[in-house]
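Peer 1: Dropping the structure in here first, questions after.
The values are calculated or read from the model by the stated rules, or taken from the named source; none is laboratory data. Remember, it's a predicted structure, so these values are computed and weren't measured experimentally. Cβ sites come from the backbone with ideal geometry, for glycine too, and all protein chains shown count toward neighbours. Heavy atoms of the whole protein, side chains included, go into the accessibility calculation; ligands, DNA and RNA do not. Shrake-Rupley method; radii C 1.70, N 1.55, O 1.52, S 1.80 Å.
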Amino acid sequence: MFDQELIEELKKLTILYVEDEPDVQTALASIIRRRSGELILASNGQEGYEKFLSEKPDLIITDIKMPLMDGLEMAKKIREHSRSIPIIITTAFNDTSFLIDAIDTGINQFVLKPIDSQKLFASIMHCVREITYEARLEETNRELTKNLKMLTEYRNAVEVSSIVSITDPEGRIMEVNDEFCRITEFSRDELLGQTHHLIKCDDENYDQQKKIKAAKADKKIFKGLIKNHSKSGRIFFVDLTIVPILDQNHEVIEYVELRNDVTKLIEQIHTDPLTGFPNRAALSKDIKLHDAPVLLTINLDSFKDINDFYGNAAGDRILIEVTAILDKYIRNVDGAKLYKLSSDEFAVLLDRQDKDKCFLPEILNNLIEKNEFDINDTKINLSATIGYSFTKKNIIANADMALKYAKAHHIDSISFEDVSFVEKEHENNIIWSKKLKEAIFEDKLVPFFQPIVDNKTGKVVKYEALIRMIDLDDVIAPFKFLDIAVRAKQYHKLTKIMIDKVFETFKDSEYSFSLNFTASDVLNDDTRGYLLNKIKKYGIRERFIVEILESEGFERYDEIKSFFNEVKALGCKVAIDDFGSGYSNFQHIVNLNVDIIKIDGSLIKNIVNDASSQIVTQTIAQFAKQLGISTIAEYVHSKEVHDKVIELGIDFSQGYFLGEPAPKLL
């Protein structure tokens, strides 16, 4: 009867479903619509938050990883407006810190991906039960004496679905249900009159206890993850909700504590599903228990080749075998513990006490290399690379950094303490990554313009636009931040910023102008489309020159050529930049039908005294003239160089002698 009532309640509810993957959203939306009332859809956290504000849904289902704003950030913003609206998270995350953060945020239910529709429906029904409970509880608090029967019925409903205890205002247990006795292994007689300290773990999070006390003091509902133990000492984790029951004078009569057992979910988060061994989340937790830890991170070399050639199933079998080999040895090393990290990585954690353990990286390497592995009657051998660290602070990151260094330099094993200079480089990257994000957000990425002079008339006829970052009063050259932009996946944002600002600068100018693009820009559908749309929007296509380095991306020659044809069809010109820098291919120039060749500064800067540079430059100039292609000499830094460039027949010159890059046109 109660289940049917909940189903009817579900049909009255408005559900907001936030998911950025269209296929997943479409599939689950059709399932939800059949059972619920109105369904509102959003494709990212920002849109979901806006629809929460405008549509006032009763229940929210959201993914975690999404553009613009992730699901957990959206949930935190929603909790600023409502602590009561149920939120269900669909997630493939296996990170304990994320889970704790999510529960502390007030997430009601978790559904692990791939999503089982029955489990999702069960979670929805659980939330419907909570919605129904909170609605009735509010009514009960207002009219407690008139609605005692309703409260009793609801308690009976909760009794069969949750771990329930009721305490007096001082925290003494007055009532427990059968589920509470089952999970704690205490009888009712042993529990009644006691406090929940009977099942509280000594190492329970102190901040959580402070939050519970604060919620009780403010007569508010508490929700959070709590670690408890049973009578026999078995540890279990619960999602705890403490609800104060108030009388007509707003005084606490009792507390109703509802627990949901999430132990299996916590265990899944701490365990590698393939091998059953503890994973990175468990490692992070265990490191805190060591005063002087040593951590070894082990990576199987070229393991991707095995997966690609023999298949993932064969790769998984080998990972299981390697785990068994390592475990057989590690279990005999005092205080050592083996972990299976992501993909083809393992870790060993131990105390830094026994000096003999310093040889462990070499031993483990030899252990892997001496074993043969059988795949479809084919014998293969493996090797491994090991990075390790003795420094407890950031020890996982330190060992990972040592591992990356060892792999990059083809070393079997190395400690972080031997390559600590890498940390400084890493810190520098972090600093510049932060500066770059701030520059994007605060609009501090700007174009500077370097003039290009016609060698016949001596007049400025065009400009090249060059990106700069403004950091306080300093102008930062791109070599400081462009590589960081690529690693931080911000590079294409920079390209779009330059397109916008440069096109806006030259829309009312008489000058031609060029903008440098990488093969990455050209081969990126979004960036290429953005550029082509801007070219069509502004009426300056005949003055716009697309520059690209010949050395980049020419292994995808047909796609580069197709792009060149597109921009030339729109009336723009195409230039090859840094020609003569060592990758030059005259056949590319012919086949790509370019309009301009920019001769690399490595040739021009020594052209006065270097006969070889003169010969190569003159050859390029003559070749270009025969094909009707214009030439530009870069790095013209003195009058002597400029005179020599003119003598060799170069059409245009660019360099500091003629004009430095500046924020304004001359």
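Peer 1: If you filter region 8-90 for trypsin sites (Lys or Arg not before Pro), then keep DSSP loop positions with at most 14 other Cβ within 10 Å, what is left?
Peer 2: Answer by residue number: LYS12, LYS65, ARG83.
Peer 1: Under a cut-off of 24 Å between alpha-carbon atoms, report the lysines in cross-link reach of LYS220, not counting same-chain residues fewer than 8 places apart.
Peer 2: Qualifying lysines at Cα under 24 Å: LYS56, LYS76, LYS77, LYS146, LYS149, LYS200, LYS210, LYS211.
Peer 1: Please give every one of the lysines within straight-line cross-link reach of LYS625, meaning a C-alpha to C-alpha distance under 30 Å, and leave out same-chain neighbours fewer than 8 residues apart.
Peer 2: Once the sequence-local lysines are set aside, what remains near LYS625 is LYS456, LYS459, LYS462, LYS561, LYS568, LYS573, LYS598, LYS605, LYS639, LYS644.
Peer 1: Only one of the listed values, (1) 33.4, 105; (2) 26.6, 88; (3) 24.1, 74, was derived from the coordinates as Rg and Dmax of the Cα atoms in Å; which label is it?
Peer 2: The value matching this structure is (1).
Peer 1: Provide the per residue accessible area, probe 1.4 Å, for the chain, rounded to a whole number of square angstrom.
Peer 2: Ligands and nucleic acids excluded, the result is 50 Å² per residue.
Peer 1: When DSSP beta bridges are limited to those with both residues in the chain, what percentage is antiparallel, rounded to the nearest 5? Could the numbers behind the result be given before it?
Peer 2: On the way: 63 of 105 bridges.
So the antiparallel bridges in the chain amount to around 60 percent.
Peer 1: Hey, another quick one. Find the percent of Cα-Cα distances in region 405-474 that exceed 19 Å, and round it to a whole number.
Peer 2: Tail fraction, whole percent: 62.
Peer 1: If the convex hull of the alpha-carbon atoms of region 604-645 is projected onto planes in all directions, what is the mean projected area in square nanometres?
Peer 2: Computed as one quarter of the Cα hull surface, the answer is 2.7 nm².
Peer 1: I would also like to ask the following. Using only the alpha-carbon atoms of region 457-595 as identical scatterers, what base-10 log of I(q)/I(0) does the Debye formula give at q = 0.17, 0.21 Å⁻¹?
Peer 2: So the normalised log intensities are -1.03, -1.47.
Peer 1: Semi-axes of the equivalent ellipsoid for region 363-491, please: Cα gyration tensor eigenvalues, times 5, square-rooted, ordered largest first, whole Å.
Peer 2: Rounded to whole Å, the semi-axes are 47, 21, 13.
Peer 1: When only DSSP loop residues count, what trypsin sites (Lys or Arg not before Pro) in region 248-329 have their Cβ near at most 11 other Cβ atoms within 10 Å?
Peer 2: Those that pass, being in a loop and sparsely packed, are LYS288.
Peer 1: With runs of 4+ DSSP H residues as the only contributors, calculate the mean residue ellipticity of the chain at 222 nm using -39,500 (n - 2.57) per run, divided by the residue total and rounded to the nearest 500.
Peer 2: Calculated at 222 nm, the ellipticity per residue is -13500 deg cm²/dmol.
Peer 1: Here is a follow-up. Leaving out ligands, DNA and RNA, what percent of the accessible area of the chain is carbon and sulfur, probe 1.4 Å? Mind dumping the intermediate values first?
Peer 2: Working: 16790 of 33630 Å².
Reported share for carbon and sulfur atoms: 50 percent.
Peer 1: Also, quick follow-up: Give me the Kirkwood hydrodynamic radius of region 474-527 in Å, from all C-alpha pairs, to one decimal place?
Peer 2: On the way: mean 1/r = 0.0793 Å⁻¹.
It works out to 12.6 Å.
Peer 1: Can you tell me, using C-alpha contacts under 8 Å and at least 6 residues apart, the relative contact order of the chain as a whole percent?
Peer 2: Details: 1071 pairs, mean separation 41.9, N = 666.
Reported as a whole number, the value is 6 percent.
Peer 1: So if the hydrodynamic radius of region 245-397 is defined as the Kirkwood radius over C-alpha pairs, what does Stokes-Einstein give as its diffusion coefficient at 20 °C and 1.002 mPa s, in µm² per second?
Peer 2: 120 µm²/s
Peer 1: OK, next. Residue by residue through region 479-488, which ³J(HN,Hα) values in whole Hz follow from phi under the Karplus form 6.51 cos²θ - 1.76 cosθ + 1.60 (θ = phi - 60°), with glycine and proline marked x?
Peer 2: 4, 6, 10, 5, 4, 4, 4, 5, 5, 8
Peer 1: If you take the Cα Rg of region 1-106 and divide it by 2.2 N^0.38 Å, with N the number of residues, what do you get?
Peer 2: Here the answer is 1.06, to two decimals.
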